[in-house]
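Worksheet for the structure shown next.
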Amino acid sequence: MQLRPEQLARHLESPLAALYLINGDEPLLVQEAADGIRAAAIKQGYDERIRHDVDRSFNWSDVLADAQALSLFAQRRLMELRFNNKPDAAATQALCALAAQPPEDTVLLILLPKIDGKAQKAKWYSEVEGAGVGVSLYNIDANELPKWLTARAKSLGLSLPADALQLIVDRTEGNLLAAAQTLEKLKLLHPDTAPSVEDVAAVVSDSARYSVFDLADAVLNGDATRTARLVLGLQAEGVAESIVLWALQKDLRGLTLIAEQMHSSDQRQASSQLLTQQGFWSRRQGPAQNALRRLSLPRLQRMSSGIIDIDRAIKGQSPDRAWDGLLRLAMAMAGRPLFTG
């Protein structure tokens with residue numbers, strides 16, 4: 001049986017199924033789904049927990065032995081199988097065997113990386129899911145993040161104005177854990193009042209990732225002097241190159257998409273709606289408009305094509321220094337390229 005993620009909590013109020021198959025790549029969503037099943041298991045008397053971390057060298061005879069063994073100290077058990085990779089042939093064979101003959105007085109919790117729709121049609125997946133409950137946890141993209149944050153804030157009793165919500169979206173895109181932690185901090189700091197955008201800014205500034213947003217703002221504003229100082233400062237502080245690249249790439253991608261749409265529709269200026277769609281909230285729309293006037297579509301496209309070279313340098317797949325590439329990209333986006341030609 002398949003369940004949508006939002007159906008899981010209600011389902012867990014009933015007697016548990018023999019097997020739960022959870023798949024997804026977003027750590028927070030997988031963790032919360034697993035925590036919900038564990039809590040329900042404890043409440044329903046499954047007072048022993050057995051965990052197996054499955055990798056390529058995993059010995060499945062251990063699991064099969066555990067599945068058949070009766071505990072001396074507890075009659076009901078929760079057995080977890082946490083996969084680091086997608087199941088190989090030996091794993092799928094073992095899972096099908098467990099699904100065909102579930103261990104007595106045991107709930108099986110199987111946690112997998114994301115399994116796409118095509119792979120979910122495989123025989124092994126259908127057999128395992130058919131023996132219990134399957135839940136697919138899809139990543140929350142930028143367009144869905146405001147809705148997800150609003151629902152989560154409501155569950156915490158928080159009421160956020162639109163600009164405060166957008167600030168959280170802008171500064172935590174791609175990191176649900178950071179977004180969730182921001183809401184929890186706001187609840188602790190403002191238990192009886194609605195946090196303002198200034199309150200949110202004060203909370204997110206505590207994150208080590210905040211300084212890269214200073215850089216992103218300097219780049220968008222065309223402040224080349226501050227841009228260079230911030231890149232060198234981030235390097236000196238040991239901030240991960242991938243985080244700096246993420247912040248620059250996010251704005252570069254948005255500006256490029258906007259410029260392409262303006263070109264195709266023969267517009268001279270981007271609309272507020274178009275800017276919002278690409279993640280430029282109210283305070284950043286003026287600087288974004290200036291950046292679009294400063295940077296032509298061909299130049300934006302050339303800079304975008306260079307992202308892969310910086311990424312390769314970060315991963316050690318190139319002799320180039322990643323920080324040199326990040327400085328060149330940031331200065332070019334700020335309108336003062338270090339090299340021309």
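The values are calculated or read from the model by the stated rules, or taken from the named source; none is laboratory data. Quick caveat: nothing in here was measured; it's all calculated off a predicted structure. Quick reminder, even Gly has a Cβ in these numbers, built from the backbone with ideal geometry, and neighbours come from all protein chains shown. Ligands, DNA and RNA are excluded from the accessible area calculation, which covers all protein heavy atoms including side chains. Shrake-Rupley method; radii C 1.70, N 1.55, O 1.52, S 1.80 Å.
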Rounded to two decimal places and with Rh computed the Kirkwood way over Cα pairs, what is Rg over Rh for segment 227-341?
0.99
May I ask for log10 I(q)/I(0) of the chain at q = 0.08, 0.10, 0.11, 0.13 Å⁻¹, from a Debye sum over the Cα atoms as equal point scatterers with solvent left out?
-0.53, -0.77, -0.88, -1.05
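Over all directions, the average projected area of the alpha-carbon convex hull for segment 1-139 comes to how many nm²?
With the hull built on Cα positions only, its mean projection is 7.6 nm².
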Treating only the Cβ atoms of Lys and Arg (+1) and Asp and Glu (-1) as charged, compute the dipole magnitude of segment 135-246 about its Cα centre; round to the nearest 20 debye.
220 debye
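How many times 2.2 N^0.38 Å is the alpha carbon radius of gyration of segment 150-291?
Working: Rg = 16.3 Å, N = 142, 2.2 N^0.38 = 14.5 Å.
Compactness ratio reported: 1.13.
Cβ neighbours within 10 Å, averaged per peptide: list 320-330, 154-164 in order, most packed at the top.
Values: 320-330: 19.0, 154-164: 14.7.
Result, highest mean Cβ count within 10 Å first: 320-330, 154-164.
Could the peptides 50-58, 14-22, 81-89 be put in order, highest first, of the mean number of other beta-carbon atoms found within 10 Å of their residues?
Values: 50-58: 13.0, 14-22: 18.8, 81-89: 15.2.
Highest mean packing first, the order is 14-22, 81-89, 50-58.
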Computed from every Cα-Cα pair in segment 222-295, P(r) in 10 Å bins starting at 0 and rounded to whole percents is 17, 45, 28, 10, 1
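Might you report the magnitude of the Cβ-based charge dipole of the chain about its Cα centre, with Lys and Arg at +1 and Asp and Glu at -1, to the nearest 20 debye?
Details: 38 positive and 41 negative charges, 199 e Å.
With only Lys, Arg, Asp and Glu charged at Cβ, the dipole is about 960 debye.
Accessible area of the chain with a 1.4 Å probe: how many percent of it is carbon plus sulfur? Don't skip to the answer; put the middle values down first.
Numbers: 9040 of 17900 Å².
With neighbouring chains kept in place, the figure for the chain is 50 percent.
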Report the charge-dipole magnitude of segment 188-332 in Debye, nearest 20, computed about the Cα centre from +1 at each Lys and Arg Cβ and -1 at each Asp and Glu Cβ.
580 debye
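Rounded to the nearest whole Å², what accessible area per residue is found for the chain with the 1.4 Å probe? Spell out each step's value before the answer.
Working: 17900 Å² over 341 residues.
With all protein chains present, the chain gives 52 Å² per residue.
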In square angstrom, rounded to the nearest 10, how much accessible surface does Ser304 have for a 1.4 Å probe?
40 Å²
Using only the alpha-carbon atoms, what does segment 71-178 span along each of its principal axes? Please give whole angstrom values in decreasing order.
53, 38, 22
